[in-house]
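The structure under discussion appears below in the form of structure tokens.
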Amino acid sequence: MNLPHSIEAERTVLSCIVLDGPTYLIKALDYRVQPDWFHHLPHKKIWSSIMACHAHGRPFDAHILCEEMKKAGSLDSVGGVVGFSEATGYLEHGPTGVTFTYSLDQLRELYQLRQIALISEETREAALVRKASLDDFVSKIGRVLALKNATNLTKSLAQAATDCIGKVADILAGKETEENAGLEWPWLDWDREMGKATAGELIIIAARPGRGKSSCARQVAWHWANKHGNVLLFSREMPIEQLAPLFAQVRSGVSWRAVRRNQVMDSEGKKFTRGLEEVAALKTLSVFDQDRTLSQITARVEACKSFMPVKAIIVDYLQRYDPQQERGETRDIAIGRMTMALKDLAVSLKIPVILLAQLGREVEKENRVPRLSDLRESGNIEQDADRVIFIHAPDTKEDGSTQDLNDQSVQRIEVNIIQAKGRSDGVATLTMSFHRPTTTFNAIAR
């Protein structure tokens, strides 16, 4: 297969860097140039040598690079000094910023086209011999979408500062946008104590099973969809058929369990029906219960954002999704790739992404407040998250009285909402009431 490439663009990039050093290298690093951007193998090796010198703080003019490649035994593989000179002395009239930028854009575009061609051919061949499934194809699409994020141009500090000046001016003029101000939580206490959910955040909400993390996520999803616009909720915890009445019980204040058992009065049944009608009328909340992998989630998000502005994404919950472990890879590493990709998704779309997660059993065994290390596969989750929020039901309430969490006749229990990590807003703890029959969180009146 004759893959798209440009020898001239590759030589121009290498020549500019070797002839005029750091200025051009910094721009190339802003573009996130990788060895595979160079199709011609000798050019790929020269780029790797430039990066090695840069990593060790050495100058990378032609003489030093040749000596370093000679020591590494790679100079002959690029055609010796003559081949090196042809690749790095390509420009007769010296480097220019315009030529360099144009060539970088070419390198990026041609690299993307090569990857698309290879992935397409790989998928085609597998399909022809009947060794491919629809899930495999979606996974390939996920690789293409990841490629897009990996090759996005990095914004400079100067550009970021200039953009921020504009944001500050808008804020002072009373023109706050959702991106600047963030999305309000359904509860004022959360906004006041923990800060609003802001663009680019990966937010972890974690709890032990049965402590209401999915219920919390549903209330957040409804509030944001009703107030701000399109919210995508990915659920492997429950199918859509089970979720619809759970949303309705929050809207109506009538327990779905009681309705299902025909233990409600006619008036309550009518209230529950009106709740279902509200659910049916809310078109800005989309629920997906068939996606099982990160690739499928990413492909779904890309498809949705092509025809509607996405305001937030909620994934329920991490441990229920297949992290797609590669050969020889531990689950922790695969989980790390997943959380990192969701963080990248939040940044690229400039929206908050909420990821639900489970806590380890030690919290219950030791009867204590959760800490970051209690997150299952905690290292990667803790590292990638911008904030981590725990839902914890203590044995002792705020007023000093005790509560038996195993007594199902108790309809309301107190729960602590603990922001254990907050990059922008710090840590906080607040107390809420959880109504078990309708799985609803409420602020406690002060």
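All of the numbers you see were taken from the coordinates with simple rules; none came from a lab. What you are looking at is a predicted structure, and each value in this text was computed from that prediction instead of being measured. Virtual Cβ from ideal backbone geometry, glycine too; neighbours counted across all protein chains shown.
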## Note on the structure
Treating every alpha carbon of region 213-352 as one equal point scatterer without solvent, the Debye formula yields log10 I(q)/I(0) values at q = 0.13, 0.18 Å⁻¹ of -0.63, -1.02
### Message
Take Glu382 and Arg331, extend 7 Å from each Cα along the Cα→Cβ direction, and tell me the distance between the two endpoints in nm.
### Response
1.9
### Query
When N is the residue count of region 269-375, what does its C-alpha Rg come to as a fraction of 2.2 N^0.38 Å?
1.35
### Query
Taking K and R as +1 and D and E as -1, what net charge do the other residues with C-beta under 10 Å from the C-beta of Gly253 add up to?
+1
### Message
Going by amide H atoms built from the backbone, whose H comes under 5 Å of the H on Ile205, apart from near neighbours?
### Response
Leu355, Leu356, Ala357, Ile389
#### Entry: Sequence-separation-based contact order of the chain, relative, with Cα cut under 8 Å and 6+ spacing, percent
16
### Query
List the aspartates and glutamates whose alpha-carbon lies under 15 Å from that of Lys365, not counting same-chain residues fewer than 8 positions away?
Asp374, Asp395
### Query
Along region 317-327, what does the Karplus equation 6.51 cos²θ - 1.76 cosθ + 1.60 (θ = phi - 60°) give for ³J(HN,Hα), rounded to whole Hz, x for Gly and Pro?
9, 3, 5, 8, 9, 6, x, 6, 5, 7, 4
### Query
What is the spin-label model distance, in nm, from Glu237 to Arg320 if the labels are put 7 Å beyond Cα along the C-beta direction?
0.7
### Summary
Residue by residue through region 412-417, the couplings from Karplus 6.51 cos²θ - 1.76 cosθ + 1.60 with θ = phi - 60°, in Hz, x for Gly and Pro, are 10, 10, 8, 10, 9, 9
### Summary
Cβ-Cβ cut-off under 9 Å around Glu201, Lys and Arg +1, Asp and Glu -1: the net charge is +2
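Would you kindly calculate the translational diffusion coefficient of region 1-72, applying Stokes-Einstein with the Kirkwood radius from alpha carbon pairs, for 25 °C and a viscosity of 0.890 mPa s, and quote it in µm² s⁻¹ without decimals?
Working: Rh = 12.5 Å.
Rounded, D is 196 µm²/s.
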### Query
Tell me, what is the FRET efficiency for Arg58 and Glu8 to the nearest 0.05, using R0 = 30 angstrom and their Cβ-Cβ distance as r?
0.60
### Message
Cβ neighbours within 10 Å, averaged per peptide: list 205-214, 258-267, 18-27 in order, most packed at the top.
### Response
205-214, 18-27, 258-267
### Query
So how far apart, in nm, are the two label points at Asp170 and Ala72 if each is 7 Å from Cα heading toward Cβ?
4.4
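Fully extended, how many nm does the chain gain between Asp36 and Glu398 (0.36 nm per residue separation, minus their Cα-Cα distance)? Show your work: numbers first, answer last.
Numbers: separation 362, 0.36 × 362 = 130.32 nm, distance 5.85 nm.
Taking Asp36 through Glu398 to full extension adds about 124.5 nm, to one decimal.
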### Query
If you plug each phi of region 391-399 into the Karplus form 6.51 cos²θ - 1.76 cosθ + 1.60 with θ = phi - 60°, what whole-Hz ³J(HN,Hα) values come out, in order, with x for Gly and Pro?
10, 10, 9, x, 6, 10, 7, 4, 8
### Task
Let me know the whole percent of all Cα-Cα pairs from the chain that are separated by more than 44 Å.
27
### Message
Using Cα-Cα distances under 8 Å and only pairs 6 or more residues apart, what relative contact order does region 205-273 have, in percent?
### Response
21
### Query
Based on the alpha-carbon gyration tensor of region 316-441, what equivalent-ellipsoid semi-axes (square roots of 5 times the eigenvalues) come out, in whole Å, largest first?
30, 17, 14
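Helix-only estimate, please: 222 nm mean residue ellipticity of the chain, summing -39500 (n - 2.57) across DSSP H runs of length 4 or more and dividing by its residues, to the nearest 500. Please report the intermediate quantities before stating the final value.
Details: 18 runs with 225 residues, N = 446.
Taking each H run of at least 4 residues, the total per residue is -16000 deg cm²/dmol.
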### Query
Order of 359-366, 100-107, 159-166 by packing, highest average Cβ count within 10 Å first?
100-107, 359-366, 159-166
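Pop the C-beta distance of Ala160 and Glu364 into the FRET formula with R0 = 41 Å and round what comes out to the nearest 0.05.
Numbers: r = 44 Å, r/R0 = 1.07.
Step by step, r from the Cβ atoms, then E = 0.40.
Pairs to check: Lys44/Lys71; Lys45/Lys71; Lys27/Lys70; Lys283/Lys421; Lys167/Lys283; Lys283/Lys311. Give those whose C-alpha atoms are more than 22 Å from each other in this structure. If you can, show how the numbers build up before the last one.
Details: Lys44/Lys71 17 Å; Lys45/Lys71 14 Å; Lys27/Lys70 27 Å; Lys283/Lys421 33 Å; Lys167/Lys283 31 Å; Lys283/Lys311 13 Å.
From the list (Lys44/Lys71; Lys45/Lys71; Lys27/Lys70; Lys283/Lys421; Lys167/Lys283; Lys283/Lys311), the Cα-Cα distance tops 22 Å for Lys27/Lys70; Lys283/Lys421; Lys167/Lys283.
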### Relative packing of peptides 73-80, 118-125 - highest average C-beta neighbours within 10 Å first
73-80, 118-125
#### Entry: For region 182-238, alpha-carbon Rg and Dmax in angstrom
11.7, 31
#### Entry: Diffusion constant of region 178-443 at 37 °C, which comes from Stokes-Einstein with the Kirkwood Cα-pair radius and 0.692 mPa s, µm²/s
172
